[in-house]
Every structure is written in C-alpha cells, then in structure tokens.
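Comments concern the structure below.
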Amino acid sequence: QVQLVESGGGLVQPGGSLRLSCGASGSIFRIDVMGWYRQAPGKQRELVATITSSGTTNYADSVKGRFTLSRENAKNTVFLQMNSLKPEDTAVYYCKAEGVWIGFSRKPDTWGEGTLVTVSS
C-alpha cells in the first residue's frame with residue numbers, strides 16, 4: 001500500500017512564501033508522475049503543478065513564475081516552493097502520485113489528505 005504524507009501548509013501574508021513537501025511511503029519501485037492540486041472553498045479541484053520521474057514539469061498558468069516544483073526520486077518526495085503568494089492561492093493543497101509501480105505491478109493513483117494554505121493579511 002502506498003501512502004502520501006504532506007507537510008508545510010500554514011498561514012502566510014500576501015507576497016510571502018511557503019514550501020510544501022510530499023513523501024510517498026511503501027515498497028515503491030517508481031512513481032511516474034507526482035504533483036500538487038488544490039481546491040478552494042466552493043471550487044473544483046485544479047492542477048497546480050506536476051513533475052515526471054525524468055524531471056519534466058507542468059504548471060498551471062496561474063502559478064507560472066511563482067511556484068517551483070522539484071523532486072527527489074530516490075526518496076519519492078516532491079517539493080513545491082511557492083513564492084509571491086496571493087490571497088487567491090488560498091486552498092487545500094493535495095499531493096497526487098500517478099503511475100505508482102511496486103515491482104511490476106501498477107497501483108491506483110494515490111492522493112494525500114491535503115494541507116491548508118491560507119494567504120491573508
């Protein structure tokens with residue numbers, strides 16, 4: 001079984017920074033894609049950023065130039081550095097692992113429980 005553990009959320013003022021971390025535990029051979037999604041109150045969950053095992057990243061237009069996603073494959077961990085935060089970045093941020101391989105067996109996509117990011121003065 002694969003579990004994702006997130007950390008780093010909190011309250012920050014507009015213009016500030018936060019760093020989110022997400023680590024996957026389990027007897028994992030490889031995770032094809034890891035990423036972050038977010039859901040603001042009353043809105044649908046949306047993509048923030050993803051990164052492949054080879055390091056290719058994809059960002060939502062709303063966070064390009066402000067957020068940076070990185071990955072440590074050996075530790076099955078991703079880091080989301082969020083700079084120049086805006087009130088509209090306020091949301092619960094969820095980590096997701098896609099293409100999780102344990103040996104030669106592909107497991108279902110896995111979500112973390114979420115971490116709250118609040119941007120407010």
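Check T56 against each of (1) more than 22 Å from W101 (Cβ to Cβ); (2) free of Cβ contacts under 8 Å to residues at least 12 places away in the same chain and name the one condition it does not meet.
Single failed check for T56: (1).
Give the residues of the range 77-91 that are in contact (Cβ under 8 Å) with a residue 60 or more places away in the chain and either at negative phi or surrounded by 15 or more Cβ atoms within 10 Å (Cβ to Cβ) (or both), sorted by residue number. Full working, then the answer.
Taking the range 77-91 first, the residues in contact (Cβ under 8 Å) with a residue 60 or more places away in the chain are 79-87.
Within the range 77-91, F79, L80, Q81, M82, N83, L85, K86, P87 qualify.
Every read-out reported here was derived from the displayed coordinates using simple, explicitly stated rules and does not represent laboratory data. These numbers come from a predicted model, not from an experiment. Please note: Cβ atoms are built from the backbone with ideal geometry, for glycine as well, and neighbour counts cover all protein chains shown.
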